[in-house]
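Below: one structure, written as structure tokens.
Derivation of every value follows stated rules applied to the coordinates shown; laboratory data play no part. Note that this is a predicted model, so its numbers are computed, not measured. Heads up, the Cβs are rebuilt from the backbone with ideal geometry, glycines too, and the neighbour counts pull from every protein chain shown.
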Amino acid sequence: MRDPYEVLGVARGVSQDDLRKAYRKLAKEFHPDRNPDNAKAAERFKEVSAAYDILGDSEKRGKYDRGEIDAAGQPRARGFGGGFRGGPGAGSGARGGRGPFGGADFGFGGFENGGEDIFDEIFSQMRRTRGGAGGSGAGARPGAQASRPMRGADRHFNLKIGFLDAARGCKRRLTMPDGKQLDVAIPAGLVDGQQIRLRHQGDAGRNGGEAGDALIEVTVDPHPFFVRQGDDIHLELPVTLDEAVLGAKIAVPTIDGMVAVAVPKGASSGTTLRLKGRGFPLKGGASDQRGDQYVKLKIVLPEKPNSALEKLIEGWVKSNKYDVRAKYTVE
């Protein structure tokens with residue numbers, strides 16, 4: 001398996017943020033949904049996902065950089081430099097990396113750290129070579145332990161949803177690299193960048209180990225006029241001059257649909273109305289607890305000049321002149 005850094009096209013010292021950006025770009029390019037019936041793209045997507053499974057997890061990345069695991073995420077056998085421990089002669093001075101043969105250091109990595117797996121592999125190969133695969137032929141080592149169960153690797157995916165889907169909750173279908181489809185439940189109130197874990201939907205385990213998980217990072221598209229701030233929603237809403245001066249009852253959009261709201265007489269641009277309980281579900285709160293929606297009014301004049309309105313304002317100003325910038329002075 002190729003070096004994960006090479007697969008993602010990044011340098012070893014790359015930051016986690018830049019690493020994530022590189023992965024997202026490649027995952028989007030080779031995703032099966034964008035490349036139907038393209039076996040090469042599917043294989044590339046699988047390779048990219050496997051590489052990010054190693055490097056996207058800071059703990060696994062550290063182990064890989066130190067050589068503790070390989071590019072597939074599996075533990076590496078210790079090299080010939082860690083000392084032979086627990087073998088014949090260990091009780092007669094074979095300590096600190098010194099072996100049983102005249103003090104020489106044969107360094108098989110230590111049985112206590114899984115070094116015995118080296119011998120399992122050696123004798124397994126001998127049995128296969130002699131036609132005794134799976135049996136106890138002449139080359140089999142008596143008492144060899146069975147390979148330990150190993151958990152499968154996690155798989156990383158990206159999913160994009162709309163603003164209203166994040167607010168209300170929804171279900172989306174995700175296509176895996178092998179063509180398998182998963183139904184993903186998006187909880188109401190999900191935050192942009194939030195990760196959803198699907199247990200045992202990753203790579204299969206080895207030797208009876210459990211499967212890994214599917215880790216889905218969800219990106220929320222921005223809305224044309226709703227803006228989320230915490231659990232609240234903010235909206236700038238245009239009103240006409242007459243609605244602002246005389247007051248009016250207007251229809252205001254919310255994530256639940258349109259609601260009637262009263263604009264007070266003499267409302268200025270910037271006047272903010274609060275719609276209680278019209279925001280996102282509160283994180284960790286009761287199912288019916290939600291944030292608020294704040295509606296900021298913005299007075300908008302007709303697009304084209306209106307002579308009747310101009311005459312009306314001219315007549316009004318003559319007897320109702322007022323200075324709105326009196327305090328905006330610099331001495």
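Output the relative contact order of segment 231-303, whole-number percent, from Cα pairs under 8 angstrom with separation of 6+ residues.
Relative contact order for segment 231-303 comes out at 42 percent.
Inter-label distance, residue 318 to residue 29: 7.1 nm, where each label sits 7 Å from its Cα along the C-beta direction.
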